[in-house]
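Just so it is clear, none of the values below were taken in a lab; they were calculated from the coordinates. Here the structure is a predicted model, which means the values were calculated and not measured. All Cβ positions, glycine included, derive from the backbone under ideal geometry; neighbour counts span all protein chains shown.
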Amino acid sequence: MSLTKENDKKYIANTYKRFDLEIVRASGSFAYDDAGNEYIDLATGIAVNSFGACDGEWLRAVTEQLSLVAHTSNLYYTSPAVKLAQLLCEKTGAKKVFFGNSGAEANECAIKVARKWGKDNKGDEYTGIITLKNSFHGRTITTLKATGQDVFHKDFGPFPDGFLYCEANNCEMLKTMVSGNKCCAIMMECVQGEGGVLPLDKEFVACAEALCRENKLLLIFDEVQTGNGRCGELYAYMTYGARPDIVSTAKGLGGGLPIGATLLFDSCENTLTYGDHGSTFGANPVCCAGAISIISRLDGALLAGVRERSKIIFDTLAHAEGVKSVTGLGLMIGIETVRDAGEVISRCMEKGVLVIKAKNKVRLLPPLNIELDVLTRALEILKEALK
Ligand SMILES: Cc1ncc(COP(=O)(O)O)c(C=O)c1O
């Protein structure tokens, strides 16, 4: 066992079950281990390295900002944060943005905004937030409670009250929950990522939006994993034709550096006031510079390329041996396998392809711009591993 692996076990908290692989370098669609072996990376650090690892434009943007000012805090103005917020607002119609450092923090902010908006607009007791069963919203105490999966709740209580869980795609249940509870918001992922890469039905998202409008509730989309081009539009809610009040995002936004954003639309743009929220590292100039280089490149042609690559993957796998089903949207894809998913992942790794798990499925999250010949090579290896 290498010293890194040995000391990882000794010094790092036991929260991660790692693959037996030490990555020492990565570039574009490829990662390299400590023995110099090359892997096609269809995992992108769990949907983070949007244009592959260390892509040239991102690297230039980040290193240039690094040499100017790496950090100042939110006590002072900095231009990368403002430019990024403007870009996000112009591309989505959002009015204001709060920057944090992760997906969980983006959701914490969304939840705080919803609660305060509820008090301001409906009354002190309107604190309920409806989320979906099988959802995943993060690992802080509050976002764990927002997560509609009991398995995440054991051992860490007591939790904050006020989260109610509706079955995904059950509009009748949602209606009953909205009418029977004092709520301020409905929050959902358009594609449940950690839940097994399951896209919501269009009718259900439309039903949730209509209920929000009729009952004066905020509609929150958790686009931490689905966002930033991953699902074939800038944000997945756009594919659904929905109009959000709040969008939380992270992961691919930074292209490899930690940043989260909470986008606030007209209804709640001024809900937060001085002192309501904050973050020391939030809006870090280096992370914002990296994010600008990602978001500014997510144009029509790039997104068409995501959809093209998605179609190639779906077409290749739909009738492949060893595949029970393929679900997902854009380049967020889950494969239900005949073999155990863990075994397929190991077989892929042995042959030089990195894929990961989501529940019992094999999950693919390739770079948005993966070269078509590299994708074809990776799919050939995956098909062999699935057999
Ligand atoms: C939909 C969704 N929300 C929130 C999170 C939490 O993000 P982070 O790990 O950056 O806190 C994740 C992470 O997988 C996610 O997929």
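The distance between label points at R213 and K91 comes to 2.6 nm (points 7 Å beyond Cα on the Cα→Cβ vector).
Looking at the chain, do any whole DSSP H helices span at least 24 angstrom along their long axis by alpha carbon and average -0.5 or above on Kyte-Doolittle, and which? Walk me through the numbers before you get to the answer.
On the way: long enough: 103-121 (27 Å, -0.89); 300-318 (26 Å, 0.56).
TM-like helix candidates: 300-318.
Taking every alpha-carbon pair under 8 Å whose residues sit at least 6 apart, the chain reaches a relative contact order of 23 percent. Averaging over all projection directions, the Cα-based convex hull of region 57-295 occupies 12.5 nm² in the image plane. Would you please state which residues of region 218-237 a label at K202 would reach in this model, taking the label point 7 Å out along Cα→Cβ and a backbone N cut-off of under 19 Å? Only 231-237 fall inside the zone, counting backbone N under 19 Å.
Packing here is the average count of other Cβ atoms within 10 Å per residue, and on that basis the peptides 357-368, 30-41, highest first, run 357-368, 30-41.
Tell me, in nm to one decimal, what length is gained between V82 and I46 on full extension, where the rule is 0.36 nm per residue of separation less the Cα-Cα distance? All intermediate terms of the calculation are to be shown ahead of the outcome.
Details: separation 36, 0.36 × 36 = 12.96 nm, distance 2.69 nm.
My answer for the length gained is 10.3 nm.
When the chain is treated as a GNM with alpha-carbon contacts under 10 Å, the residue of N369, N228, N107 showing the greatest mean-square fluctuation is N369.
Take the Cβ-Cβ distance between T273 and E125 as r, set R0 to 22 Å, and report the resulting FRET efficiency rounded to the nearest 0.05. Before the final figure, lay out the partial values.
Numbers: r = 22 Å, r/R0 = 0.98.
The calculated FRET efficiency here is 0.55.
In this rough spin-label picture, where each label sits 7 Å from Cα along the Cβ direction, the Y11-R60 distance is 3.7 nm. Among N107, L59, S179, pick out the residue whose Cα is farthest towards the positive end of the charge dipole of region 57-295, where Lys and Arg carry +1 and Asp and Glu carry -1 on C-beta, about the Cα centre. After comparing all options, I get L59.
Region 23-43 and region 195-258 have Cα centres spaced 31 Å apart. With contributions of -39500 (n - 2.57) from each DSSP H run of at least four residues, the per-residue ellipticity at 222 nm computed over the chain stands at -11500 deg cm²/dmol.
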